[in-house]
Ligand code: BGC
Ligand code: CA
């Protein structure tokens, strides 16, 4: 293109010189010289333009390579595969990562089997493999500082999910400007909503024996996890904030697990038949509690109340059937998408805030169907 232009202009200049040589005026010679000069200038401009075009093309090619997620490797550590909620979470996470352009072959999700040493090993393996980003659901939130040091030391960006590291740890990411963030909901909100579901029913309905106090039993998740601590504290606090007196009959650790909770609630109900409310830190344990409530010949909504958290499909069906008083939607869709988006932002260099939150939703028979429909 550039060459053609130069030769065309040179030919025109030569033609003009020839004309000048054939006895034409000086003007013709001057014009010929001017045309020749213009030809040189045009040629130079063309060269500059060509160079700029090459540079632009290189920049475009480079950035296209950077955002080509299909080549990026993602390591995902889940604290335990045998957890109903985390199963929903990781399934949605993988599907969403693929929908955003990652290759399924480059996404590796591993089971920490509820053992921190196992998980730490898995993290080390991911580092050796040179993954581009890590998404970690820690077995022990208290191991977060060690995990962060390992991952940041390897210069790999890190997205924590579901089990929130403590405030000191989060402050460290910010003060060091590290590529580390947490994506999750504030468990205090879920606890408060559990309590509010009962408060909304009115004290007269919930205080079944009319002694002016709410007799309850609490089934906790893994107490190392802030979700368990906050739900335990804030569910009861919501009753107290409404001016209700409370009477804790039993408080047991069910470790988020259905079968464990079933056993614990069976024992509790036989020791404390006056129980009016069963609080469970999650739905898996509420489903276990329900089995024991029914085995004890009790009826939810008539002679006992039962609330959970997560909005598992089975729990939503129980809420609709009246066999569970309510639950709280723990939005695994928003959280998994938020975690994947944060991972992408680290990969592309856009960066992230140090805390990425999301809201819980109170669920009773009034809205359980619409939550169920939204999950289909
Ligand atoms: C969920 C539980 C789950 C736990 C795992 C919580 O947010 O409500 O169902 O077992 O996370 O860490
Ligand atoms: Ca009572």
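Just so it is clear, none of the values below were taken in a lab; they were calculated from the coordinates. Values in this document were obtained by computation on a predicted structure and should not be read as measured data. Every residue, glycine as well, gets a Cβ built from its backbone with ideal geometry; the counts of neighbours run over all protein chains shown.
Assorted remarks:
- Difference of contour (0.36 nm per residue) and Cα-Cα distance, residue 113 to residue 348: 81.4 nm
- Potential extension, residue 355-residue 104 segment - 0.36 nm per residue separation minus Cα distance: 87.7 nm
- Cα pair count fraction exceeding 18 Å, expressed as % - the range 188-329: 47
- Calculated FRET efficiency for the pair residue 237/residue 146, C-beta based, R₀ 35 Å, to 0.05: 0.60
- Alpha-carbon centroid distance for the pair the range 199-257 / the range 273-332, whole angstrom: 13
- Using the Cβ-Cβ distance between residue 333 and residue 128 with R0 set to 22 Å, the FRET efficiency from 1/(1 + (r/R0)^6) comes to roughly 0.10.
- Overall dimensions of the range 155-265 by Cα: Rg and Dmax, Å: 17.8, 61
- Cut-off 11 Å (backbone N to label point 7 Å along Cα→Cβ of residue 68), residues of the range 90-117: none
- Zone residues, the range 78-104, relative to residue 320, backbone N less than 20 Å from point 7 Å out along Cα-to-Cβ: 85, 88
- Extension gain for residue 263-residue 291 works out to 9.1 nm (0.36 nm per residue, less the C-alpha to C-alpha distance).
- Two-decimal Rg to Rh for the range 129-192 - Kirkwood Rh, Cα set: 0.98
- Per residue, the convex hull around the alpha carbon atoms of the range 246-332 comes to 87 Å³.
- Ranking of 85, 126 by count of other Cβ atoms within 10 Å, fewest first: 85, 126
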